[in-house]
Structure formats: structure tokens, C-alpha cells
Protein chains: 2
Amino acid sequence: MKTSIATVSISGELPEKLEAIARAGFDGVEIFENDFLAFDGSPADVGRMVRDHGLEITLFQPFRDFEGMPETLRSRTFDRAERKFDIMQELGTDLVLVCSNVSPVSLGGVDRAAADFHELGERAARHGLRVGYEALAWGRHINDHRDAWEIVRRADHPNIGLILDSFHTLSRKIDINSIRSIPKDKIFIVQLADAPLIDMDLLYWSRHFRNMPGEGDLPVSTFTAAIAETGYDGYFSLEIFNDQFRGGQARSIAADGHRSLIYLGDQVHRGPNAKSLTVPPMPARAKVQGIGFVEFSADEKDAADLVGILETLGFRKVAAHRTKKVGLYAQGDIRLIVNTEEKGFANASFAVHGTSAYAMALVVDDAKQALARAVALGAERFEQPVADGEVQIPAIRGVGGGLIYLIDDGSDLGRFSEIDFVPIPVEETDVASTHLMHVDHIAQTVAYDEMLTWLLFYTSIFETRKTPMVDIIDPSGVVRSQVVESADGALRITLNGAENRRTLAGHFIAEKFGSGVQHLAFHTNDIFATSEGLQKNGFKPLVISPNYYGDVEARFGLDPDLTEQLKAHNILYDRDDHGEYFQLYSTTYGEGFFFEIVERRGYKGYGAPNAIFRIAALKKALRPEGMPKVES
Amino acid sequence: MKTSIATVSISGELPEKLEAIARAGFDGVEIFENDFLAFDGSPADVGRMVRDHGLEITLFQPFRDFEGMPETLRSRTFDRAERKFDIMQELGTDLVLVCSNVSPVSLGGVDRAAADFHELGERAARHGLRVGYEALAWGRHINDHRDAWEIVRRADHPNIGLILDSFHTLSRKIDINSIRSIPKDKIFIVQLADAPLIDMDLLYWSRHFRNMPGEGDLPVSTFTAAIAETGYDGYFSLEIFNDQFRGGQARSIAADGHRSLIYLGDQVHRGPNAKSLTVPPMPARAKVQGIGFVEFSADEKDAADLVGILETLGFRKVAAHRTKKVGLYAQGDIRLIVNTEEKGFANASFAVHGTSAYAMALVVDDAKQALARAVALGAERFEQPVADGEVQIPAIRGVGGGLIYLIDDGSDLGRFSEIDFVPIPVEETDVASTHLMHVDHIAQTVAYDEMLTWLLFYTSIFETRKTPMVDIIDPSGVVRSQVVESADGALRITLNGAENRRTLAGHFIAEKFGSGVQHLAFHTNDIFATSEGLQKNGFKPLVISPNYYGDVEARFGLDPDLTEQLKAHNILYDRDDHGEYFQLYSTTYGEGFFFEIVERRGYKGYGAPNAIFRIAALKKALRPEGMPKVES
């Protein structure tokens, strides 16, 4: 699969764009005309710069308002084309994109358009160039690739072909099957873009909301599979208009784009009829069995506070590292590691971010395979020296530069504990049992413009799906929330994207100097028994506004006794078609980290309707020490 | 006109919201239920807090999914309503909003709904309360205020009335005339919101894009006039869902809201049939005759640089202030003042923002009237001590805290010059004439979340209109541009809203510590003669990429000789249905300020298609001294 991206897709000036595109691993680049026009080198300079980066120019684009023009505009349009042909020859590319005419003066008629393209083909041939025709979804007369193909067919010229674009086809819900009958040699290039499903004006949607394949909701992989079935083996090129990407970091946007194409190729390759698409071989998405452990980095002082909270949560220290200042705390299937080493990565992370849950271990069927897939998808591998005889656990860099360890189901985790850790005999204590069973979900707070990056990261590497985006109303702004989860719930990660630092989420990012885990949710089978255990241990629950309970009782028609119980325990309640949900929160720790305890009685969601009340309570608890009330 | 706003419209927690709402001058407030639920005081506490701010609770909202429910849900719905009634009595409000049912299980039928409302009316009456019914634009069975009114009519209960909302009516383009036949006593409250015209899913549009009346494109004043004609004299209440407002500063959003209502009332009051609406008396919008002067604040050193540039632009010093270090430079009808006083407001502005065009004078028919209108619309009046005998020019605070002086057509400006300034005899110099005639437009760069504020400010005070928003593509992100202009072009202000600091506009705001004038455009009748004069004076034009000219020639079918001339002079070209446009830029000065010279040959726009090339050239010129290439 040959990968390409249009320069318009990323931010920066032309040299920065090319550098980022090359570094991300693309084979080719579409030169968006304005990027060339605004650059003060000659076309030959641009061509050289592209080739110096090891890239091919896959397309020069766009050439607008060509077909069906009445005279005298028609002549001028051909003159314009000749100018572009000259530039293309200097640039060193043989393909130009003509998008369907949107001019109100343009004339319809398939044969008229075909005749124009035949003449353009003749002219292009004289320069040794080719012209690809693309139906814009909002083209005046042509807005369907089937009609564009009919024009190309009737133009009947070897230098005239079709350009397919997933957005233009899928946004209009055009039958994908119609692609399968197009000869592969008449498809000159394929452009790809995804988009979130929001019903709006097609042009506005296209200009502002496009995103990378897999980041949106369109069936881009089905579209790509149909193209692969034609035998097409040319470039797949990203053409993404997105306000956020235009303001983002060129390198990370380009890296996301490359990952999206590799993942897309892999998806198509695993489909039933698309063996023709060559993609780098890689293992299938890793099935996550559960959370092996979550590791905190801290200094001695913070660690004492943290361990104090863990004890109120009913955790006990069960093992100590043989050589390092690292303790293992456990309860049910939950393992938490507190690392206070004064060197190594945990310490470096502590120096930058303060005390934080900087690493998590995911239990997978085969850690080596999972690592291989992650690396094939451009994830950064992490290794640090370990002492003789200690276990080197495969790891990759995740959100905020934190670590994701990959451990084999059953085996590695056991070995890791036995080899590196010395068990501590469990003593009789007066710590009450709190019945926590496993990690229900891990909540990561990220800068809003990283949300798509991490959604793509998780869904491409691990066997997960993403839920629709939900707006969480913080008193100081909107926080976007989207969940990555495996079908069986073994891995559930909520991603909360903060746009402004006055929100609870934004405050966390600002204080912590980066994205990261903001809370851990543990599951219990009996939230009230857990709450009683917590109370005995001196746990401080987050106090919820009493007004909440009157409403929840009325909304769900709860038994008043249950409401009284919920209120007495500061437990939030929700219900969906599958069952009930109970949520109990801690207050915040450090820069805004907190714990949650949930009981799911069949419920599938994450309590989004309760978020506004939880956030208001957390912000209230943060003040006056932490949170500025109004920031100017 | 009684003014109200829903708490959901602004950011912050309930106490902050109420403080901001009261300070902005509203008479009442709608309590959005979640704001109450998240607050940890009792309903009585909230009621007291509202009344302590001198506000009335105009509405408790929303009560959802009420009418047409099948049993047993119907009984529970009535139970829910009883709970809300209890809360309302504690809060101290008598009106609740029921929005039309969106539940998939709800049943249709006007009579069924009417019966439900009749019963609800009976229950409400027992508590001494009233219920208003509002048709949501996306209601399952009822999504048109005409149908909601039919239900209210058939419910036939004094405690059941209608709630009208401009967004729900106007977004569906429902005939406004249908409002004129509703009896005023059955309209329990009116909610108002505007929105930009973008064709999209109504719910998504409503949740994210609403804005204050006058900030969007909906005919809210026509809607309001129709209501006023019924004789309705109750509250007009803003209910605005907007992501930007949710993250904004509560005080400024509330102030914008109040201004929007006062302006709306004034518009309706000036209409043909709406004398019943009482609004504060104020003069009509001020007609601007032209730009009297633009004033720069600078220190001695920067002023020398600035004056040097002004001289290359062909300006000469024509007068000096009698008592202050203030010089007047002129050419054609353009007057520029350079203020290097070491005290006073100019100096204070310099201390914060550096050298900048911190003040402008608008020539109006009657400055006192213009000032009175501005103050009635909540603008902040500015006064500073002047020496005996000197002129106190009426002034208000504008963008970035800068000043807008208001001077009478012909008179005040003359007096101001005679009294405060001593003319300098014009000497023979070797400064070549550059033929600059008047200020064409003033370009203000503002933080994106201030754009709507300043659009409303200018359009409500001055006789101007706003143009549709245009996206300007900066290499590092999208900048939104919108123009405020008078019909005759005497006042033209472009507002550029920057979201990120890596754009040229965002960089300017960051370096200058705030919004302000980023460039001044002067008009000439002969751009080439001007360019020659500038060259003789040693003016340094902004160098435009040669690639631009090949494209512009082809795009507009220009005579190659003209293209050569444009290129030789670094002049940009555009054309619209009205004529041609020529643009010549300076390089940047200080933190990114620059000058533009334009020639309009009938052209009405601002050269938006050229902005990308101008920005690329300016950013290139800024580097390496000023602009960071990539910022992490």
C-alpha cells in the first residue's frame, strides 16, 4: 500500500510540512496549490525539496471549475490548464486533480463534459501528463463518482482517469459497490478522509470536520476494500481539512495520518476479498484480558500520602521489589505499584509531572505480538536497563509520555512478581475489607487536540471500539469524552479532552504539565458494603449536593429508602437499558487525581449524566487551596 | 422590556453566574435545573441568593418528556412534576418550562397532550404555579409553536400557557406571522437566541452554535417585533447554548447578553408597529462619516522608528500639541497622531501593550448623541483630565481596552486641531508624494472568543452591518475574519479572530499582550503611482512569492503586462462582481503591526483570497527575529 498525504492536511509552511510528512514514513505527497503559491521557491525548487526528502509528488491539486464552461470562459480555462501543466512539469509530477465544477455559470451535460476532458487529455498527453477527475459532493452538475466515471469513460482518453475520494462518496451515502466495476487502470489516485457523523451542510462538514480514517464514523475501510478489489495498487492519499489539524503540530498530525493508513490497510487485508493490497505484515489487534497493574511514580513524602489513601481504600502491601524502592499493593485482582526510586524513568516522570499514575500494564494473549503490532503502527517502544535476572517487560509510550507495559496472560505477570518482587507475609490488620475486585476503567485526561491521536492509538493496536463522543459540562467549559473499550469490558479507557484550563480536566493538565491518568475506577459487587468498609478505614468520600438525590429519585422512580441510602453514602446513580450503575468518588489528591468505585449491575455506560454533579463537587472540594475561582 | 437570561448561558458555578448576571443589569434569571442540582444549597438558599442580587427568578427549566406518556410512565411523570413544584415553591418562582416530548415511547395526538396539560394545570394551580409549554424544533410529535399553541388552547386552563423561543421557531423557518394571533396573556415567557446560518442537524446546531440576538444571522428582531405586537410585556430571556460561552468569562458573556437585548428592544421599538415595547430611550445608531484620526502610543525610541516609516509612506508632520509630546502627521484625509507623553492613558497603554495604534477617532453627525447611545448599550465611557482650555473629546473603550473618540462632523475635529495643536509650516522636502487619500479600513486582531463581543459592539452603536465570516488560512491555523462596515464604506473594520498563538494574528496578540489594531489600510486612486512614490521614499514593501503572479494571471485572465507590473511592485490583485482590487503591504513593525495600501476600482471586499499569500510573506519576513518556527 503506497501512502501519500496532501500538504493541506497539516500545519506549517511547505518545508515544515514536507519534513513532517517524510519523517512520518509516507511514500508520497500531494502538493496543494496554495502551499506552492505561498512558497517563494520555484516549482523546480519545490520538486527538488520533495525528492530530497525521499518523497514522490503523487498529485498536484486542485484545478477547479474546468468542465462545461461556456465560451469565452472555456478558452481561458484551457489556458489556465496549460499554465498548470507547465508548473507540473517543473515540479516533476504527472498527475493533476480536476474537481467537478461548482461555478454557477457552468453548463451541465455528460457529453459536453466528456468532450472537454477529451480535449484536456490531448493537451495533457502533449506534456506527458495525466488528469484525474473527482466528483465533489457539492459539485454543481456532477456530485457522484458514478457520474464522474461516466464522463471519464466517454472522454475515452488514456490520459484522463478518475479520482475517488472516500469523503465525497461516503458523505452522500453512494453505493460502494459501484466502485467494484471501475477498471483499476482508470483510477488514477484514491483520496481518503473520514469524518464524525453529524448531519450538516456537506461543504461545511468537509471543510471543518474531516479527520483521519478510523478517527471518524464513515465506513472508510469498506470503501478502501472495494477499491482494493478492483486490483488498484496505486497511492492511497489523505486529504484532510480540519481546523484542529491546521493549528496542530505538523509532526504528530502526520504521524497520526500514517498510522491511520497502515491500520486501514491492515483492516482491508484481513477482509474477505482484498488480498491484493500489500501491507506490512503484523499480528492482529491485541485482545486485552485485563489490567495487570497500574504504577505510580512519587517521592517518599507523596508516596506516604498515597499509600495512606490506598490503605483507606482497603489495599495492603503484598510485595516489595528485590532491588528497588517499589512496593506492590493489592486487593482482589487489582495491583497498584508505588515507585519511589530516585533514578530511572519513573523518577524522571515524577520530576516533570509530579506524583502520577504514569504506567499501566495490559494483560494480553501474547505480549511480543502486541508489541510487534504497536511498533508496526508507529508506536514508540520503551526500554530501560534492568538489573541482572530481572524481567524486561515489553512497553510502549502512551498518553502524556507515560508507559503501557504489555504482559502475557497468566505467565509474565506471575514471573514478574516472583522474580522481581519478594512477597510480604500478610499480617492481621484492622483494615476493613472493601470488596474491590478489579479495575473497571482508567480515565485519561488529555489536551483536546490529542483526543483523536489516542483514540486511533488504542483502537488500532488493541481489540477495542470507540463510543460516540459525549459533551461533559464543566462549570467552566465543555469537556469532550469518548471511551475506548473492549467488547467484554476487560479494557475500558475513558478519554476526556479539555480545551480550557479552567475546567477540572484542563486544570489537571495544566498543573501536571501534561496529559495523563486522572482517575482510576475500581469495581465492587456491593457498593454499600464497600462504602461501609471505606468508612471504617477513614476514607473521605466526595460529598454530593443533596439536591441531586431528589432529582435522581424522581427521574428514575427510585424507592425513597434507596435514595436515602445513596444520599447517606454519597453514591451517584444511573440506569440504562442494560441495568443500574452506582458510583462513589474520593476527593482529589495532588493535582486533581482521584479514585472512583463503581458497581455495574449490567449497566454498560460510564455515568455521563452524573459527570456535571461529580465535577461541581470535585471543584468545590479543590477550592480554596487548588483551583482558582475565576482566572482572568 | 424586562430582561432575563438562563443560567445555562454563561460559565461558572451558580454564585458566579448570578453575580455576573446581576452586574450586567438583567432584571431576572432562569434557573437551569442542573445548575441548581449541582449547587449544595437548598432551593430556599438559591432563591434568597437570587433575590439578594436584586433578581427575580423568571423560570425554572427544563421539565422534559412530559406530555403523551403511556401508563405507567404517565403516573411517574406527574409524580416528577409534583417534585418540581415543591422545589419551585421553595425557590420562589411560579413558572416552569415543559419542552415538547422527545421520548421514543411518547404518544402523539393533540387532544391527548391537551388533556395531560389540563391535568398538570390543575395540579399546578393547587400550588399557585404556572406551566409554560415550548415546542422544541426536534420534538418527537410537537416541533412547531403553532402546534404547541393548539395544545395550550385545548388544554384550556389558566395555569397553562405557551413559551416561545426564537431559535426553535426560526431554525425551522416557521411563519412568524402565526405569532401575531396568540393572545398575549397566553404567552408566559419568551426565550431568545440567535445562531449563525449553517445548514446542519437542528439539535447539534442548537447545542453548540446559538449566540446572542444580533450576533448570528436569524431574524430575531422580526420575531421579537411580532411578539411585541401581541401586546406581550413580560420577560425576554436569553437561552444560549454555546461551547465558547461555556468556557468564556461569565461577566463579559453576561454583558454581551444584556447589550444584545437592549439593542434588540431598540430595533423593535424603531419598527413600524411595536410601540408597546418599552426600552430605554436612546439616539439612533451613529452614522460614521469617516476616520478622524488614528493615534499611536510610543516611547521616544519607537516613535522615531514609526515616524521614519510614516515618512516613507509620504506623511508629513503638520502640527504639534501645545502642551504635550504629541505630533500630528497628515496626508490627504488621513491624520495620524504619535503620542510619546510619559503620563496619561497613552503612556499607560504603551507600558502594557508597547507601541500600538491604541486609539481612533470616528467622525459622526453628533458626538454627544453617539456617546449617549454607546453608554445606553453598556459601553464604558472614557475620560481623562485635560489642561485648561483644551478639548475633552467624548470617548469610549474599545477593542483591547483601546479608545474610540467620537468627534462631530466638521466641528469638533476642527476645534480640536485649532485649540490643542499648533500648525507646523509645511516645508519643501524631498519626500515624494504617495497619493494616499483616506483610511480604507482598520484591521483589528482579537482573541477568537472576543469576536462576537466586538461585532455586537460596533453594529449596535454605529450604523453598520456585518459581513459573513471568512476563514483565513494561516500556515499555523485558521483565523476567522468578519467585517463591520457602513453602507458607504466610511467605516470599515475587519475583525480577525485568532485561536492559537502560532498564527500571525495569534502571535500579535501574544506579543502585544492583548487584542488591538494590527494594520491600517490607506486608499489611493493610483496604486502604481503610489508604489513609485513609496520606492523613492525608501519604503520597504512586503515581498510576495513570484509563484503567486502566474496563478493570478491565469485565474483572472490578466494582460501579461499588468501581471509584470503587479509582480514588479509586489501588488496583490483581486476582483469581484463590482470591480478590481489592488493591495500593497509593508513589512511588519514591532510586534507585527503593518500598513496596507489599497486601490478599489469598485471592488467591495477585502482581498480574502490573497490573505494566505500575504500571511505567508509576513511570517517569512518576521523570521528569524520574531516568530518561532515551531513551538512545542
I want to verify the translational diffusion coefficient of segment A:1-159 in µm²/s; compute it with Stokes-Einstein, Rh as the Kirkwood radius over Cα pairs, at 25 °C and 0.890 mPa s.
151 µm²/s
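Would you calculate the convex hull of the Cα atoms in chain B and tell me its volume per residue in Å³?
Per-residue hull volume (Cα only) is 175 Å³.
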Averaged over all directions, how much area does the convex hull of the C-alpha atoms of segment B:2-269 cover when projected, in nm²?
12.7 nm²
Cα-based helix-to-principal-axis angle, B:300-312 vs chain B, degrees rounded to 10:
70 degrees
Simple spin-label estimate for A:ARG23 and B:MET469 in nanometres, 7 Å along Cα-Cβ:
3.2 nm
What is the calculated FRET efficiency for A:ARG207 to B:ASP217, with r their C-beta to C-beta distance and R₀ = 22 Å, to the nearest 0.05?
0.75
Options A:MET49, A:MET1, A:VAL29, ranked by Cα towards positive dipole end of segment A:1-65, top entry (Cβ charges):
A:MET1
Across all Cα atoms of segment B:288-423, Rg and the largest Cα-Cα distance (Dmax), in Å, are 14.3, 43
Taking r as the C-beta separation of B:HIS127 and A:GLU580 and R0 as 30 Å, the FRET efficiency to the nearest 0.05 is 0.40
Compute the label zone of B:GLN565 within segment B:592-621: residues whose backbone N is under 15 Å from the point 7 Å along Cα-to-Cβ.
B:599-601
Estimated dipole of segment B:1-77 in Debye, rounded to 20 [Cβ of Lys and Arg +1, of Asp and Glu -1, Cα centre]
160 debye
Over all alpha-carbon pairs of segment A:19-60, lay out the pair-distance distribution in 5 Å bins, whole %, shortest bin first.
5, 24, 34, 28, 8, 1
Principal axis box of segment A:517-598, alpha-carbon based, largest edge first, Å
37, 27, 25
On C-alpha positions alone, give me the angle between the axis of helix A:560-569 and the longest principal axis of chain A, in degrees, nearest 10.
80 degrees
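Could you give the size of the charge dipole of segment B:288-423 about its Cα centre, using +1 on the Cβ of each K and R and -1 on the Cβ of each D and E, expressed in debye and rounded to the nearest 20? Walk me through the numbers before you get to the answer.
Numbers: 13 positive and 20 negative charges, 18 e Å.
Charge dipole of segment B:288-423: 80 debye, to the nearest 20.
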Taking only Cα atoms of segment B:128-210, what ratio of Rg to Rh do you get with Rh as the Kirkwood inverse-distance radius?
0.98
By a straight-distance test (C-alpha under 19 Å), which lysines pair with A:LYS620 as possible cross-link partners, with residues fewer than eight away in the same chain excluded?
A:LYS540, A:LYS567, A:LYS629, B:LYS17
Using the Cα gyration tensor of segment A:104-174, the equivalent ellipsoid's semi-axes, largest first and to the nearest Å, work out to 21, 14, 10
Vicinal HN-Hα couplings computed from phi for segment B:94-111 (Karplus, 6.51 cos²θ - 1.76 cosθ + 1.60; Hz; Gly/Pro x):
10, 10, 10, 9, 9, 9, 4, 5, 10, 5, x, 8, 5, 9, x, x, 5, 5
Below 8 Å, C-alpha to C-alpha, sequence gap of six or more: please give me the relative contact order for chain A in percent.
9 percent
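One quarter of the convex hull surface, Cα atoms only: what value does that give for segment B:436-622 in nm²?
Convex hull of Cα atoms, orientation-averaged projection: 10.3 nm².
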Binned at 5 Å from 0, what are the whole-percent values of the Cα-Cα distance distribution for segment B:445-550, short to long?
2, 11, 16, 17, 17, 16, 14, 6, 1
Taking only Cα atoms, what is the 0 to 90° angle, nearest 10, from helix A:220-229's long axis to the longest principal axis of chain A?
50 degrees
Ratio of segment B:186-330's C-alpha Rg to 2.2 N^0.38 Å, to two decimals?
1.59
For segment A:490-555, alpha-carbon Rg relative to the globular expectation (2.2 N^0.38 Å, N residues)
1.49
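Quick one: dipole size for the protein assembly as shown, taken about the Cα centre, charges +1 on Lys/Arg Cβ and -1 on Asp/Glu Cβ, in debye to the nearest 20.
Once rounded to the nearest 20, the dipole reads 600 debye.
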Name the residues of segment A:431-445 whose amide N is less than 17 Å from a point 7 angstrom out from the Cα of A:ASP488 along the C-beta direction?
A:438-441
Quick P(r) readout (segment B:298-344; Cα-Cα; 5 Å bins; whole %) gives 5, 22, 32, 25, 12, 4, 0
What ranking do A:HIS321, B:HIS578 get, fewest neighbouring Cβ atoms within 10 angstrom at the top?
B:HIS578, A:HIS321
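Taking the radius of gyration and the Kirkwood hydrodynamic radius from Cα positions alone, what is the Rg/Rh ratio for the protein assembly as shown, to two decimal places?
When Rh is taken as the Kirkwood radius, the ratio is 0.98.
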Straight-line reach only, C-alpha to C-alpha below 15 angstrom: list the aspartates and glutamates that B:LYS604 could link to, leaving out same-chain residues fewer than 8 apart.
B:ASP440, B:GLU485, B:ASP488, B:ASP574, B:ASP576, B:ASP577, B:GLU580
If eta is 1.567 mPa s and T is 4 °C, what Stokes-Einstein diffusion coefficient results for segment A:256-316, Kirkwood Rh from Cα pairs, in µm²/s?
81 µm²/s
Of A:LEU618, A:GLY605, A:GLY579, which is farthest on the positive side of the dipole of segment A:436-622, counting Cα position, with +1 on Lys and Arg Cβ, -1 on Asp and Glu Cβ, and the Cα centre as origin?
A:LEU618
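Based only on other Cβ atoms within 10 Å, what is the fewest-to-most ordering of B:LYS604, B:LYS287?
Least crowded to most crowded, the residues run B:LYS604, B:LYS287.
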Between B:THR278 and B:SER42, the FRET efficiency computed from the C-beta separation at R0 = 35 Å comes out, to the nearest 0.05, as 0.45
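Based only on other Cβ atoms within 10 Å, what is the fewest-to-most ordering of A:GLU19, B:GLU591, B:GLU82, A:GLU239?
Ordered by Cβ neighbours within 10 Å, fewest first: B:GLU82, A:GLU19, B:GLU591, A:GLU239.
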Restricting to lysines and to Cα separations under 30 Å from A:LYS324, and discarding same-chain partners fewer than 8 apart, the set is A:LYS301, A:LYS343, A:LYS368, A:LYS512
When N counts the residues of segment B:29-86, how does its alpha-carbon radius of gyration compare numerically with 2.2 N^0.38 Å, as a ratio?
1.34
Dipole axis of the protein assembly as shown (+1 Lys, Arg; -1 Asp, Glu on Cβ), positive-most option in B:GLY121, A:TYR235, A:PRO560
B:GLY121
Per-residue ellipticity at 222 nm for chain B, helices alone: DSSP H runs ≥ 4 residues times -39500 (n - 2.57), over residue total, nearest 500 deg cm²/dmol?
-11000 deg cm²/dmol
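FYI, it's all coordinate maths here, none of it is from the lab. All figures in this text were calculated on a predicted structure; none of them were measured in a lab. Note that we place each Cβ from the backbone using ideal geometry, even for glycine, and neighbour counts take in every protein chain shown.
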